[in-house]
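To start, the structure itself, in structure tokens.
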Amino acid sequence: MKILESIITVNDKSLENKLIDLLHQFDTVKITDVIKNKIELIEKMSITKPDILFIYLDTNEWDINDLINQFQRPPFIIGITSKVYNALSLLENGLFDILTPKLDGEKFYKKIVKILRIVRHFTIDNQGVAESKSHYRGSRNVGIPGKGYIFVKYKKANTKLNFDDILCVNNTGNSLRIELTNGKICYHTSTLKKFYSLLPNDKFLRINKSTVINVEKIDNLTKGEVFIKKHRFKVSRIYSKALKDTLLHGR
């Protein structure tokens, strides 16, 4: 997949550092410039064509609607603003998405993933075949180069989990219970279906209505059951063929 070039335009040092730290977690997104003011941005945009523009909107220095009409718009403009009541107007005027200055790690990850999926969908692969629209909309996450983790959120805490450290995920009704290889338990406020869609499908498989397992951690299996460390999980009939195909042939 191509490397996406991005420009950051903020005049707040703390926000700038946090944004840079978040973007450095993506091998497929490169920061080409960090810009402080309107004039510099217009000059830079006249000679470069970034894929993503991050722009801080809570400033009196510019009007975003006027500003983006002074240069060729990049494919993805992400505005950073605490004035979320203006979000609809901003989106209608050409912004791809909105972030708040808090830069929640999980929400940031999801927005960048959305961009990468769109780009991947419209990019010709190495065999010269474009991904079909149905495959793009219906497929599970196949993983992003250099992305080996996910953020989970419970109450007000965001926790970074490496995919390799996740043993299994269980739906408890009100939240997801995530057990790690070191025995630690984490919780995540989400549905199992939604969380499962964000996991790489070469590592994780749903085996019943309430359980997702890391297939690389399976110790033993019998007809209708899998064993992972001290756990014994029932495998529903509708998921048994997928489990067998995964273990015997890979994906």
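The values are calculated or read from the model by the stated rules, or taken from the named source; none is laboratory data. Quick caveat, the model's predicted, so the values are computed rather than measured. Here the Cβ is made from the backbone with ideal geometry for all residues, glycine too, and neighbour counts use every protein chain on show.
Yes or no, residue by residue, for (1) crowded, with 17+ Cβ neighbours inside 10 Å; (2) farther than 25 Å from LYS114 by Cβ; (3) not hydroxyl-bearing (Ser, Thr, Tyr):
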site	(1), (2), (3)
VAL152	yes, no, yes
ASN158	no, no, yes
VAL169	yes, no, yes
LYS223	no, yes, yes
VAL226	yes, yes, yes
LYS244	no, yes, yes
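Within segment 181-199, identify whether any single residue is farther than 26 Å from LYS111 by Cβ, touching a strand residue (DSSP E or B) at 6+ places or on another chain (Cβ under 7 Å) and surrounded by 17 or more Cβ atoms within 10 Å (Cβ to Cβ), and answer yes or no. Within segment 181-199, not a single residue is farther than 26 Å from LYS111 by Cβ, touching a strand residue (DSSP E or B) at 6+ places or on another chain (Cβ under 7 Å) and surrounded by 17 or more Cβ atoms within 10 Å (Cβ to Cβ). Of the residues making up segment 97-106, at least one is at pLDDT 80 or above, surrounded by 13 or more Cβ atoms within 10 Å (Cβ to Cβ), in the same structural domain as ASP12 (by TED's automatic domain parsing) and part of a helix (DSSP H, G or I).
Of the strands (runs of 3 or more DSSP E) lying entirely inside segment 109-183, those carrying at least 1 residues that are modelled with pLDDT under 85 and touching a Cys at 6+ places or on another chain (Cβ under 9 Å) are 149-154.
Restricting attention to segment 1-31, the residues being surrounded by fewer than 14 Cβ atoms within 10 Å (Cβ to Cβ) and touching a residue at least 60 places away in the same chain (Cβ under 8 Å) number 3. Within segment 1-52, the set of residues being under 18 Å from the mean Cα position of the chain (by Cα), under 16 Å from GLY79 (Cβ atoms) and in a strand (DSSP E or B) comprises SER6, ILE52.
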